[in-house]
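The values are calculated or read from the model by the stated rules, or taken from the named source; none is laboratory data. Please read these numbers as outputs of a predicted model, since none were measured by experiment. Backbone-built Cβ (ideal geometry, glycine too); neighbour counts: all protein chains shown.
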2 protein chains.
Amino acid sequence: MSGTLGANAGPAQTPTGAATKAPARSPEPGVEAKPATIYDVARVAGVSHQTVSRFLKGYAGIRPETRERVAQALDAVDYRPNLTARSLTTGRSHRIGALTHEIDQVGPSKIAQGASAAAREAGYLLDIITLDMSNRSAIANAVSLVQQHDLAGVLALASTDEMTRAFEKTRFRVPAFIAVEADDVVGEHRSELSSVGFPALVDHLAGLGHRSFLHIAGPTTWSAARNRVRAYEEAIEVRGLNSVGIVHGDWSARSGYDAVKSLSGEVRATAVVAANDQMALGAMLALSQLGLQVPRDVSVTGVDDIPEAEFFAPPLTTLRVDFLAQGRAAVAELLARVNGETAPSFPVLASELVVRASTGPAPV
Amino acid sequence: MSGTLGANAGPAQTPTGAATKAPARSPEPGVEAKPATIYDVARVAGVSHQTVSRFLKGYAGIRPETRERVAQALDAVDYRPNLTARSLTTGRSHRIGALTHEIDQVGPSKIAQGASAAAREAGYLLDIITLDMSNRSAIANAVSLVQQHDLAGVLALASTDEMTRAFEKTRFRVPAFIAVEADDVVGEHRSELSSVGFPALVDHLAGLGHRSFLHIAGPTTWSAARNRVRAYEEAIEVRGLNSVGIVHGDWSARSGYDAVKSLSGEVRATAVVAANDQMALGAMLALSQLGLQVPRDVSVTGVDDIPEAEFFAPPLTTLRVDFLAQGRAAVAELLARVNGETAPSFPVLASELVVRASTGPAPV
DNA sequence: ACGCTACATGTTGTCGGTAACATTCTCGGA
DNA sequence: TCCGAGAATGTTACCGACAACATGTAGCGT
């Protein structure tokens with residue numbers, strides 16, 4: 001060892017004599033056989049590996065000259081820390097898990113996107129774990145997976161009670177767990193529907209003369225669905241309006257369609273408030289098949305404002321939810337908790353009313 | 001250390017002093033302070049840690065009696081391998097990265113879901129890395145991230161040329177890289193549009209009397225978009241039909257809308273073939289705003305068959321693509337490659353024509 | 001000039017596994 | 001009864017980082 005002391009730029013001799021498998025990939029510049037370690041850096045800089053480690057951690061007590069040498073060596077060998085090794089000693093990984101039901105749903109997937117970005121900015125990676133949130137063994141399996149990969153924390157992007165419970169029980173080597181969109185379950189309030197959301201929506205409809213409403217809700221096991229039902233009921237009640245019913249769907253367009261069809265042709269409401277845009281879409285199709293025009297006969301609203309909502313026929317009036325921000329906020333809180341900082345309380349994200357053509361004056 | 005020799009069930013002292021917020025959760029049984037290692041197992045079983053390791057690897061040469069003791073100890077302490085430690089020595093992790101542009105797009109997110117499931121079944125975790133595929137520094141950043149977290153392989157769920165190139169260059173500690181949906185770029189054919197896809201679609205339209213077509217394509221930098229353009233052109237040409245143009249969008253509904261609007265009211269085609277369902281949706285809205293009825297005046301088709309397509313107004317005729325299967329296949333190939341097995345050639349997935357109300361007889 | 005104390009840096013141990021090498025055990029054959 | 005070979009098992013080294021402790025060096029007062 002200790003060959004060239006200079007910038008290790010000699011004929012690319014493999015560091016630890018390794019490079020077992022790669023077909024000796026000719027000494028192309030820039031393609032090292034194996035990434036450099038702090039020991040390599042130390043050798044090049046002529047210091048001990050610990051000094052390198054100190055430098056990397058930003059330790060102040062290093063002589064300027066030494067500091068400079070290390071910095072140059074670091075650069076010369078293009079050092080990248082091995083996070084695996086670091087995790088082993090520190091016991092803390094740089095990955096956070098994201099549990100989600102089906103990421104093809106706009107909400108969860110957008111949240112995941114925001115979370116992923118926020119995580120990366122903090123030097124973390126987001127591990128996606130999709131699972132059937134109502135399958136007990138699938139959940140157990142996921143828990144086990146999370147433990148083995150020792151994640152720094154876990155985020156539930158879309159949470160059902162079953163899943164939340166499973167993780168409540170096993171707080172074991174999983175330092176933190178946050179359920180996005182869950183409030184009543186976890187005990188902390190993190191509904192994305194600010195108090196101005198549904199009220200604003202209902203105000204809008206009431207202003208158009210609507211008095212009787214129908215709510216197409218999500219599955220009762222989803223806390224997000226319950227939040228929205230509660231918000232809906234409150235908004236209706238406070239204004240002395242009339243709810244002719246709440247039908248539960250499963251977030252899909254089909255379920256919204258079925259919900260309306262299940263009314264057996266008798267739609268007694270003049271306004272249909274769906275808990276998400278997909279169900280609103282399905283509802284609109286069903287209504288038109290019943291011979292009811294939107295918004296002439298019935299007004300329809302959604303929640304989420306998925307990118308397509310603006311192009312539905314007719315374009316959908318909906319509550320815009322900033323999923324990206326939600327994902328970011330969740331990660332921020334998780335990391336704060338992991339680092340033992342005072343967790344910045346999860347911000348209650350405001351949802352903005354977006355009025356489009358699917359709502360209009362109530363029929364006389 | 002080395003306190004209790006029994007099942008390590010001493011009073012649950014918090015692991016790393018963490019658990020800042022939880023109120024010190026009393027020494028509940030079943031909540032171990034720290035997961036057991038092979039050394040713990042060895043101690044309990046009265047053998048060396050290496051014997052335990054051998055057992056775990058399925059080494060045959062272990063006396064039945066010893067084997068039994070180890071098995072029991074394993075069970076007693078509820079051993080879970082520490083994948084971090086394993087990775088450090090073996091140099092191979094149990095995670096694969098998934099690069100994606102925006103996972104809120106149905107294609108990529110569904111692929112991710114399939115990939116995630118397949119990965120988990122193989123004991124791997126899927127790390128999502130969202131990035132702006134056209135931002136060079138973001139790509140470099142991602143590459144660096146991938147290296148540090150030493151992933152077993154990388155999957156590009158949606159690939160642009162820029163990104164593919166970035167990874168081509170840096171095959172350094174990233175054993176495998178697969179670009180889903182890319183064929184011309186990577187050199188291997190993996191288009192998800194089987195040869196029966198577009199031809200079947202065009203046959204359907206031609207059968208309805210359509211002769212002049214308009215294609216709304218995806219961004220040219222996306223290989224998936226290019227595949228579809230090529231498939232479209234071939235299908236049109238082979239049948240001696242007429243393409244009045246190809247307009248490029250960005251996959252979004254808005255871009256489909258804009259594409260039609262950009263025709264300045266002059267839609268000379270009787271059939272609009274969009275490269276995905278969202279753009280088809282936007283196109284339909286724009287057409288109706290131009291006073292053209294779908295499908296009476298113009299037929300419109302999409303690709304993907306997103307769950308909502310069935311509920312568009314009118315329901316969309318489209319080519320169903322099995323993204324989940326694509327994700328699974330990609331993972332299978334990646335893992336095979338990682339394990340040095342003969343990579344099962346990536347199956348060319350068939351896309352099925354789904355006829356709905358957005359297509360009808362060509363106007364006379 | 002001497003010794004003490006900060007400060008700068010080096011050495012060794014550790015995390016939890018795997019790999020290579022070392023040692024013990026067992027059994028058949030001389 | 002003893003030897004040697006192979007099987008079963010144990011010991012030590014190592015992956016790449018961090019942490020604790022050890023050592024060396026400079027600066028200061030006296």
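Does A:T89 meet the test of being within 16 Å of DNA strand C (Cβ to nearest atom) and surrounded by fewer than 18 Cβ atoms within 10 Å (Cβ to Cβ)? So that I can check it myself, show each step before the final result.
On the way: within 16 Å of DNA strand C (Cβ to nearest atom): yes; surrounded by fewer than 18 Cβ atoms within 10 Å (Cβ to Cβ): yes.
In short, yes.
Given the criteria buried (at least 19 other Cβ atoms within 10 Å of the Cβ), more than 14 Å from chain B (Cβ to nearest Cβ) and near DNA strand C (Cβ under 10 Å from one of its atoms), does A:V41 qualify? Write out each step before concluding.
Details: buried (at least 19 other Cβ atoms within 10 Å of the Cβ): yes; more than 14 Å from chain B (Cβ to nearest Cβ): yes; near DNA strand C (Cβ under 10 Å from one of its atoms): no.
So A:V41 does not fit the description; no.
Would it be correct to say that B:I306 is assigned by TED's automatic domain parsing to the domain that holds B:R228, crowded, with 18+ Cβ neighbours inside 10 Å, under 21 Å from B:G197 (Cα atoms) and modelled with pLDDT of 90 or more? Even if it seems obvious, please write down each step before you answer.
Values: assigned by TED's automatic domain parsing to the domain that holds B:R228: yes; crowded, with 18+ Cβ neighbours inside 10 Å: yes; under 21 Å from B:G197 (Cα atoms): yes; modelled with pLDDT of 90 or more: yes.
So B:I306 fits the description; yes.
List the pairs whose first member sits in region B:41-62 and is under 16 Å from B:T90 (Cβ atoms), whose second member is part of a loop (DSSP other than H, G, I, E, B) and near DNA strand D (Cβ under 7 Å from one of its atoms), and whose Cβ atoms are under 7 Å apart, counting only residues at least 6 apart or on separate chains?
Filtered contacts from region B:41-62: B:R54/B:I62.
Any residue at all in region A:83-106 that's within 10 Å of DNA strand D (Cβ to nearest atom), closer than 30 Å to A:Q326 by Cα and not in a helix (DSSP H, G or I)?
Within region A:83-106, the first condition is being within 10 Å of DNA strand D (Cβ to nearest atom), and the residues that meet it are A:83-92.
From the residues that got through so far, the ones that are closer than 30 Å to A:Q326 by Cα too are A:83-84, A:86-87, A:90-92.
Then drop every residue that is not not in a helix (DSSP H, G or I), which leaves A:91-92.
Yes, some residue in region A:83-106 is within 10 Å of DNA strand D (Cβ to nearest atom), closer than 30 Å to A:Q326 by Cα and not in a helix (DSSP H, G or I).
From A:A269, A:A313, A:A280, grab the single residue that is at the interface with chain B (Cβ under 9 Å from one of its Cβ atoms) and over 20 Å from A:A112 (Cα atoms).
Details: A:A269 fails: at the interface with chain B (Cβ under 9 Å from one of its Cβ atoms); A:A280 fails: at the interface with chain B (Cβ under 9 Å from one of its Cβ atoms).
Residue meeting the stated conditions: A:A313.
Identify all residues within region A:102-123 that are touching a Leu at 6+ places or on another chain (Cβ under 7 Å) and either buried (at least 24 other Cβ atoms within 10 Å of the Cβ) or over 19 Å from B:Q148 (Cβ atoms) (or both); write none if there are none.
Just the residues of region A:102-123 that are touching a Leu at 6+ places or on another chain (Cβ under 7 Å), to begin with: A:108, A:110-116, A:119-120, A:122.
Passing the criteria: A:P108, A:K110, A:I111, A:A112, A:Q113, A:G114, A:A115, A:S116, A:A119.
Anything in region B:54-85 that is buried (at least 18 other Cβ atoms within 10 Å of the Cβ) and either within 30 Å of B:H149 (Cβ to Cβ) or near DNA strand C (Cβ under 9 Å from one of its atoms) (or both)? List them, or say none.
The answer is B:R54, B:F55, B:L74, B:V77, B:Y79, B:N82, B:L83, B:T84.
Out of the residues in region B:93-122 that are in contact with a Pro (Cβ under 8 Å, 6 or more places away or on another chain) and more than 7 Å from every other protein chain (Cβ to nearest Cβ), state the one that is farthest from B:A152 (Cα to Cα).
Only one residue fits best here, namely B:H101.
What about A:R80, is it within 12 Å of DNA strand D (Cβ to nearest atom) and of a type outside the set (A, V, I, L, M)?
Details: within 12 Å of DNA strand D (Cβ to nearest atom): yes; of a type outside the set (A, V, I, L, M): yes.
So A:R80 passes the test.
Taking only region A:273-283 into account, find how many residues are closer than 20 Å to B:P314 by Cα and in contact with a Leu (Cβ under 8 Å, 6 or more places away or on another chain).
3
Run A:I129 past the list (1) at pLDDT below 70; (2) crowded, with 24+ Cβ neighbours inside 10 Å and report the number of the one that doesn't hold.
Unmet for A:I129, out of (1) at pLDDT below 70; (2) crowded, with 24+ Cβ neighbours inside 10 Å: (1).
More than 24 Å from B:N227 (Cα to Cα), surrounded by 22 or more Cβ atoms within 10 Å (Cβ to Cβ) and modelled with pLDDT of 80 or more: does that describe B:L151?
Spelling it out, B:L151 is indeed more than 24 Å from B:N227 (Cα to Cα), surrounded by 22 or more Cβ atoms within 10 Å (Cβ to Cβ) and modelled with pLDDT of 80 or more.
Mind listing just one residue for me: the one in region A:254-281 that is hydroxyl-bearing (S, T, Y) and surrounded by fewer than 20 Cβ atoms within 10 Å (Cβ to Cβ) and, of those, modelled with the highest pLDDT? I'd like the intermediate steps shown before the answer.
Just the residues of region A:254-281 that are hydroxyl-bearing (S, T, Y), to begin with: A:255, A:257, A:262, A:264, A:270.
Next cut, surrounded by fewer than 20 Cβ atoms within 10 Å (Cβ to Cβ) only: A:262, A:264.
Working: A:S262: 93, A:S264: 79.
So the residue we want is A:S262.
Return a yes/no flag: does region A:291-303 have any residue that is in contact (Cβ under 8 Å) with a residue 12 or more places away in the chain and of a type in the set (S, T, Y).
So in region A:291-303, the residues in contact (Cβ under 8 Å) with a residue 12 or more places away in the chain come out as A:292, A:294-303.
So of that shortlist, the ones also of a type in the set (S, T, Y) come out as A:299, A:301.
Within region A:291-303 (the criterion being in contact (Cβ under 8 Å) with a residue 12 or more places away in the chain and of a type in the set (S, T, Y)), the answer is yes, since at least one residue qualifies.
A:R80 versus (1) in contact with a Pro (Cβ under 6 Å, 6 or more places away or on another chain); (2) modelled with pLDDT of 90 or more: which is the lone unmet condition?
(2)
Go through the residues of region B:32-47 one by one and say whether even a single one is in a loop (DSSP other than H, G, I, E, B), modelled with pLDDT of 90 or more, farther than 30 Å from B:I128 by Cα and more than 39 Å from the chain's Cα centre (by Cα).
Yes.
From the list A:F213, A:F198, exactly one residue is modelled with pLDDT of 95 or more and of a type in the set (F, W, Y). Which is it?
On the way: A:F198 fails: modelled with pLDDT of 95 or more.
Within the list A:F213, A:F198, the selection yields A:F213.
Among the numbered criteria (1) within 14 Å of chain B (Cβ to nearest Cβ); (2) under 33 Å from the mean Cα position of the chain (by Cα), which one does A:S299 miss?
(1)
Kindly evaluate A:P15 against the criterion of being at pLDDT below 50 and more than 13 Å from DNA strand D (Cβ to nearest atom).
On the way: at pLDDT below 50: yes; more than 13 Å from DNA strand D (Cβ to nearest atom): no.
No: the conditions fail for A:P15.
Can you give me the number of residues within region B:123-159 that are more than 12 Å from chain A (Cβ to nearest Cβ) and in a loop (DSSP other than H, G, I, E, B)?
The total comes to 5.
For region B:314-329, check the following and say yes or no: at least one residue is at positive phi and either surrounded by fewer than 17 Cβ atoms within 10 Å (Cβ to Cβ) or at pLDDT 85 or above (or both). Don't jump to the end; show me each part of the working.
Step one: of region B:314-329, the residues at positive phi are none.
Checked against the condition, which is being at positive phi and either surrounded by fewer than 17 Cβ atoms within 10 Å (Cβ to Cβ) or at pLDDT 85 or above (or both), region B:314-329 yields no hits at all.
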